[in-house]
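Undergrad: Take a look at the following structure, please.
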Amino acid sequence: MSFDRDAVRARHAFALGLGRRAGALALDFFERRDALVIETKSSSQDLVSRADREVEELIRTAIAEAFPQDGLLGEEYGLQDGRSGFTWVIDPIDGTAAFLNGIRSWTVSIGLTTGGPTGDEEIVAGVIYDPCADELFDAIAGGGARLNGQPISVAAAGGLGDGLIGFGINLKVPPAVGAGFLERLLIEGGAFLRLGSAAQMLAHVAAGRLIAFYEPLLSRWDCYAGFCLIREAGGWVDDVFWRDRGSLGGIALGGAPGVRAALTRIVDIGQPAEPLRATA
Ligand code: IPD
Ligand code: CA
Ligand code: CA
């Protein structure tokens, strides 16, 4: 590991409080969601977008004050290069559709990387906060993963039939990719769960509640924090595709060690290549 451990520790500690603060603001929007819709009589998407922007603004402002040399990559405001070698990868509200529809399945996701996405990038810390459940997941490279401060680890599953597999898909992916995967999974005796937030599902993998997660195409802000959690909880993450494309998007695949071989066999690694290039 090439990074300065004290610098990572300082940022990780900061991110714990920041995740909670951002989550509190998002929860405030969530709880006033109906009033906000009535207030503006606009589309519900605009209101949620306002919540997304304000939560990301809170996160970016706090980081800029505490670590002014750091880079920022967020879903709503894009990339701002830094000079410290650290880049924060932020999804202020992951699970917008659930949020919008009043379903308590959305999270704040904050990852921290060193290097760049073209080859030497390392995810060195991750925080995912689920405000509705008051669950704060965190990990630091080489320092394990926790849920509300207590150590967590991935499931002891030995095969696809030993628990639930988190799955997600979006409209950028050819439907056959998702349908084919689900068909193969069901044939193998597996079962899947689809929550509103990919980050939340990745956190549940780290906590051993889901045995694995697969989504054919996600952005870095959706899953970098979750990748760090899973690795630090003793699991594996397949991130080859992210590095190869040096891009914003890739396949998100990871889980407990015992399901790696079987899951990798039923994921069609080749098919998402075109949408990946088109959307990255
Ligand atoms: C989405 C969520 C969802 C996943 C989508 C993502 P957003 O992020 O993570 O679970 O299936 O692919 O785009 O738009 O709610 O931040
Ligand atoms: Ca997202
Ligand atoms: Ca989002």
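Undergrad: Being surrounded by 14 or more Cβ atoms within 10 Å (Cβ to Cβ) and among the acidic types (Asp, Glu) is the filter here; which residues of region 62-92 pass it?
TA: Hits for region 62-92 are Asp70, Glu75, Glu76, Asp91.
For every residue, the table says whether it meets (1) modelled with pLDDT of 95 or more; (2) among the hydroxyl-bearing types (Ser, Thr, Tyr); (3) within 14 Å of ligand 3 (Cβ to nearest atom).
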position: Asp94; (1), (2), (3): yes, no, yes
position: Ala125; (1), (2), (3): yes, no, no
position: Tyr129; (1), (2), (3): yes, yes, yes
position: Ala133; (1), (2), (3): yes, no, no
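Undergrad: For Ala133, all conditions in the list (1) of a type in the set (Gly, Ala, Ser); (2) surrounded by fewer than 14 Cβ atoms within 10 Å (Cβ to Cβ); (3) touching a strand residue (DSSP E or B) at 6+ places or on another chain (Cβ under 6 Å) hold save one; what is the number of the exception?
TA: Among (1) of a type in the set (Gly, Ala, Ser); (2) surrounded by fewer than 14 Cβ atoms within 10 Å (Cβ to Cβ); (3) touching a strand residue (DSSP E or B) at 6+ places or on another chain (Cβ under 6 Å), Ala133 violates only (3).
Conditions tested, residue by residue: (1) within 22 Å of Val127 (Cα to Cα); (2) buried (at least 19 other Cβ atoms within 10 Å of the Cβ).
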position	(1), (2)
Lys172	no, no
Pro175	no, no
Glu183	no, no
Leu186	no, no
Gly190	no, yes
Ala212	yes, yes
Phe227	yes, yes
Asp238	yes, yes
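Undergrad: It is to be established whether one or more residues within region 182-198 are under 22 Å from Leu72 (Cα atoms), touching a residue at least 60 places away in the same chain (Cβ under 8 Å) and within 16 Å of ligand 3 (Cβ to nearest atom).
TA: yes
Undergrad: Right, something else. Within region 67-76, restricting attention to residues that are modelled with pLDDT under 95 and in a strand (DSSP E or B), which residue is nearest to ligand 2 (Cβ to nearest atom)?
TA: Within region 67-76, the match that is nearest to ligand 2 (Cβ to nearest atom) is Gly74.
Undergrad: Here's something else I'd like to know. Determine, yes or no, whether Gly158 is out of contact with any Asp or Glu (no Cβ under 8 Å at 6 or more places or on another chain), away from ligand 3 (no atom under 16 Å from the Cβ) and open to solvent by less than 10 Å² (accessible area, probe 1.4 Å).
TA: The answer is no for Gly158.
Undergrad: Can you find even one residue in region 3-12 that is at pLDDT 95 or above, touching a Phe, Trp or Tyr at 6+ places or on another chain (Cβ under 6 Å) and surrounded by 18 or more Cβ atoms within 10 Å (Cβ to Cβ)?
TA: There is no residue in region 3-12 that is at pLDDT 95 or above, touching a Phe, Trp or Tyr at 6+ places or on another chain (Cβ under 6 Å) and surrounded by 18 or more Cβ atoms within 10 Å (Cβ to Cβ).
Undergrad: Could you look through region 93-111, keep only residues that are among the hydrophobic types (A, V, I, L, M, F, W, C) and surrounded by fewer than 24 Cβ atoms within 10 Å (Cβ to Cβ), and pick out the one that is farthest from ligand 1 (Cβ to nearest atom)?
TA: In this case the residue turns out to be Ile103.
Undergrad: Right, another one. Given (1) surrounded by fewer than 24 Cβ atoms within 10 Å (Cβ to Cβ); (2) within 15 Å of ligand 2 (Cβ to nearest atom), identify the lone condition not met by Ala207.
TA: Result: Ala207 fails condition (2) only.
Undergrad: Given the conditions (1) part of a strand (DSSP E or B); (2) touching a residue at least 12 places away in the same chain (Cβ under 8 Å); (3) not aliphatic (A, V, I, L, M), and given that Arg146 satisfies all but one, which numbered condition is not satisfied?
TA: Condition (2) is where Arg146 drops out.
Undergrad: With (1) within 24 Å of Ile103 (Cα to Cα); (2) more than 16 Å from ligand 2 (Cβ to nearest atom); (3) crowded, with 19+ Cβ neighbours inside 10 Å as the list, and Leu195 as the residue in question, which single condition is left unmet?
TA: Leu195 satisfies all of (1) within 24 Å of Ile103 (Cα to Cα); (2) more than 16 Å from ligand 2 (Cβ to nearest atom); (3) crowded, with 19+ Cβ neighbours inside 10 Å except (2).
Undergrad: Follow-up. Within region 161-181, which residues are small (Gly, Ala, Ser), within 16 Å of ligand 3 (Cβ to nearest atom) and farther than 17 Å from Gly226 by Cβ?
TA: none
Undergrad: Which of the residues spanning region 62-92 are β-branched (Val, Ile, Thr) and away from ligand 1 (no atom under 16 Å from the Cβ)?
TA: Ile63, Thr87
The values are calculated or read from the model by the stated rules, or taken from the named source; none is laboratory data. Keep in mind it's a predicted model, so treat the numbers as computed, not measured. Backbone-built Cβ (ideal geometry, glycine too); neighbour counts: all protein chains shown. The accessibility values were calculated without ligands, DNA or RNA, using every heavy atom of the protein model including side chains. Shrake-Rupley method; radii C 1.70, N 1.55, O 1.52, S 1.80 Å.
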